[in-house]
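A short worksheet on the structure shown next.
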Amino acid sequence: MIELYQIIAIIVSIIVLILSILRFRDGKMSLGMLMVWIVIWLIIIIISIYPNDTNYLASYTGIGRGLDFVLIIGLILSFYLIFKMYNKMEVIEEELTNLIRELAIQNKNTDNKDKMEDKVDLDNKTE
């Protein structure tokens, strides 16, 4: 008999799959990330439909119960995604710092050029 948590997991997974496909179609997600999310949510659907099969995977890997296996894999994947996001943020922060530095140099050069033009205009008026 199917349990309530299985129904909820399947519905949530289908909704997130649809949202992921829509984000990809709008150009807000790469094909690689779309494939990763499709695989993850399909695995969640399969585990929701066949929860007892996780016991086999757990015993094969030496983990006591199927639920423990699912939670450990979920934690590992969560930490991996956090690591990827942290690295991405570091790259964006470095790019932003370089962009701000370049803009500051351009503004300083523009200000110096404007000051020189103002000085030349003043010199021409005094003659």
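Please treat every number below as a calculation from the coordinates, not as lab data. Model, not experiment: these values are computed from the prediction. Cβ: placed from backbone, ideal geometry, glycine included. Neighbour counts: every protein chain shown.
Overview of results
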{"quantity": "Filter result for GLY27 (of a type outside the set (A, V, I, L, M, F, W, C), on the phi > 0 side of the Ramachandran plot and under 28 Å from the mean Cα position of the chain (by Cα))", "calculated": "yes"}
{"quantity": "Subset of the range 69-100 (residues that are farther than 19 Å from GLU3 by Cα and surrounded by 14 or more Cβ atoms within 10 Å (Cβ to Cβ))", "calculated": "PHE69, ILE73"}
{"quantity": "Output for the range 50-61, where each listed residue is in a helix (DSSP H, G or I) and exposed (fewer than 15 other Cβ atoms within 10 Å of the Cβ)", "calculated": "ASP53, TYR56, LEU57, SER59, TYR60, THR61"}
{"quantity": "Lone unmet requirement of (1) surrounded by 10 or more Cβ atoms within 10 Å (Cβ to Cβ); (2) part of a helix (DSSP H, G or I) for GLY64", "calculated": "(2)"}
{"quantity": "Cross-chain or 6+ apart pairs with Cβ under 8 Å, the range 14-42 first and surrounded by fewer than 15 Cβ atoms within 10 Å (Cβ to Cβ), then part of a helix (DSSP H, G or I) and among the hydroxyl-bearing types (Ser, Thr, Tyr)", "calculated": "LEU42/SER13"}
{"quantity": "Residue satisfying all of: in the range 11-49; assigned to a helix (DSSP H, G or I) and among the hydroxyl-bearing types (Ser, Thr, Tyr); farthest from LYS84 (Cα to Cα) among these", "calculated": "SER48"}
